[in-house]
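Read through the structure below, which is laid out as structure tokens, and then see the notes.
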Amino acid sequence: MGRGSPPAPSLAPGLLALLAAALLLLLPAPAAGVNVTAVLAAFPGFSDFARLLASSPVAAELAGRSSLTLLAVPNANLPRSPSAFAAAAGADLADVLRYHVLLEYLSPSDLARVPASGRLVTTLFQTTGRAPSDLGAVNLTATAAGAAVVVRSPSPSPGSNATVLGAVTREPYNLSVLAVGGLIVPSGFDIAASGSESRPSPAVNITRVLTDARGFNVAASMLEASGVADDFEADERGAGITIFVPTDDAFAALPATDRLQSLPADRKAVVLRFHVLHSYYPLGSLESIVNPVQPTLATECTEAGRFTLNITRFSGSVAIDTGVVQASITRTVFDQNPVAVFAVSKVLLPKEMFSRGNTINPGATTPPAAMTPDVSDGPRTPPTKLSSPPALRGQDSKPSSAPARNANWWCIGLVCLLLPLV
């Protein structure tokens with residue numbers, strides 16, 4: 001008989017099983033459901049928001065989902081009564097929380113690539129079937145300078161909106177947590193609730209909105225004591241109103257020479273009306289306003305051309321100039337047509353009452369530091385990532401992947417040792 005070819009070497013069944021197990025270890029594990037309360041437990045600054053999620057059905061709904069982005073509101077930016085805040089817009093709090101869950105994983109680098117035209121992202125609220133049309137989605141839009149991303153409703157009549165403050169934490173491709181400047185109420189709740197019935201919505205209680213929003217105690221008490229808040233209800237029925245509200249810190253920073261609190265009641269009421277436009281302007285409209293000189297409610301009590309505000313876009317912010325004070329909008333407090341309420345960095349003092357005479361005020365000709373224009377000689381390029389605000393710095397946590405990397409290297413080494421035996 002001729003000499004046959006030597007038999008091919010074969011692997012023992014046990015060795016084959018071991019090789020197969022090593023290869024399986026190299027495959028990515030399926031994404032687990034999200035436990036948002038456990039994730040947020042590491043960040044005390046979001047404990048109130050975590051409690052809201054835990055006390056609602058939303059936390060359980062997320063347990064079976066993955067690849068999500070959670071828009072979390074810091075404790076300092078939450079209304080004192082979130083349920084009342086949602087109810088004021090005709091919304092259910094659980095649906096408002098669902099509106100903060102994006103059904104897509106978005107990292108900070110993804111946000112840096114959001115175009116100025118916007119990017120539509122579906123939320124958990126859309127899955128309930130209670131959102132008319134696509135009003136269960138959010139529209140992420142970048143500011144003109146690319147310095148921030150704003151979360152808005154896609155409706156032409158927008159609900160509230162909020163600016164993305166920065167990244168909190170992330171589990172790559174499973175969960176990304178981003179901080180936003182306030183609760184976001186979607187548009188369309190009135191459409192969903194009323195159906196074909198048409199009825200006027202109740203007037204917004206401005207002092208209640210400010211009390212719930214925190215940080216506006218001085219403004220709320222002044223509006224209540226002066227009776228100016230009572231004038232707003234009639235204005236809401238017309239073209240709507242836009243209110244610029246100084247924070248408590250802004251009132252505390254007033255120079256002693258301004259003596260706002262010592263003014264007679266009627267003149268103090270003029271200053272308060274000076275903070276109100278007799279038209280509804282959501283943030284996007286203010287950013288693209290055509291006529292920068294806007295009359296206020298105080299103008300209506302005097303004559304045309306007096307007690308006006310100069311509103312412009314400056315270095316990515318909405319700037320407000322009174323002729324004496326330069327301020328900027330810091331966040332949206334409430335936005336539900338026909339009422340918009342914005343926080344401003346300074347008390348707006350009218351030049352008709354607080355003119356410095358011939359004294360030169362350096363601040364009157366120099367934009368505030370937060371609004372200083374960019375002076376880069378080169379072309380502007382969008383940021384590669386969003387940096388966290390000071391309150392969040394040090395809280396960003398990058399998941400440790402060292403154990404997974406070590407396991408992968410052991411598996412690769414094992415495969416290399418077994419290959420010569422094949």
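A few remarks follow.
- Every pair of residues 6+ apart whose Cβ atoms lie under 9 Å, when the first sits in segment 53-80 and is outside the structural domain of residue 41 (by the TED database) and over 30 Å from residue 217 (Cα atoms) while the second is polar (S, T, N, Q) and in a loop (DSSP other than H, G, I, E, B): none
- Among the candidates 256, 220, residue that is without any contact (Cβ under 8 Å) to a residue 24 or more places away in the chain, among the aliphatic types (A, V, I, L, M) and open to solvent by 40 Å² or more (accessible area, probe 1.4 Å): 256
- Any hit, segment 195-212, residues being at pLDDT 85 or above and touching a Pro at 6+ places or on another chain (Cβ under 8 Å): no
- Positions within segment 268-295 being farther than 12 Å from residue 342 by Cβ and among the hydrophobic types (A, V, I, L, M, F, W, C), in sequence order: 269, 270, 271, 272, 274, 289, 290, 293
- Scanning segment 91-105 for residues that are assigned to a loop (DSSP other than H, G, I, E, B) and in contact with a Phe, Trp or Tyr (Cβ under 7 Å, 6 or more places away or on another chain) yields a total of 3.
- Apart from one condition, residue 144 fits all of (1) on the phi < 0 side of the Ramachandran plot; (2) modelled with pLDDT of 85 or more; the exception is (2).
- For segment 271-286, residues that are without any contact (Cβ under 8 Å) to a residue 60 or more places away in the chain, open to solvent by 10 Å² or more (accessible area, probe 1.4 Å) and touching a strand residue (DSSP E or B) at 6+ places or on another chain (Cβ under 6 Å) total 1.
- Among residues that are open to solvent by 10 Å² or more (accessible area, probe 1.4 Å), within 21 Å of residue 318 (Cα to Cα) and in contact with a Leu (Cβ under 9 Å, 6 or more places away or on another chain), residue 246 is not included.
- Scanning segment 305-320 for residues that are in contact with a strand residue (DSSP E or B) (Cβ under 8 Å, 6 or more places away or on another chain), assigned to a loop (DSSP other than H, G, I, E, B) and open to solvent by 20 Å² or more (accessible area, probe 1.4 Å) gives no hits.
- Residue check for residue 127: surrounded by fewer than 16 Cβ atoms within 10 Å (Cβ to Cβ), of a type in the set (Ser, Thr, Tyr), at pLDDT 80 or above and more than 30 Å from residue 315 (Cβ to Cβ): yes
The values are calculated or read from the model by the stated rules, or taken from the named source; none is laboratory data. Just so we're clear, the structure is a prediction, and the values are computed from it rather than from any experiment. With ideal geometry, Cβ positions are generated from the backbone for all residues, glycine too; neighbour counts draw on all protein chains shown. These area figures cover heavy atoms from the full protein model, side chains too; ligands, DNA and RNA do not enter into them. Shrake-Rupley method; radii C 1.70, N 1.55, O 1.52, S 1.80 Å.
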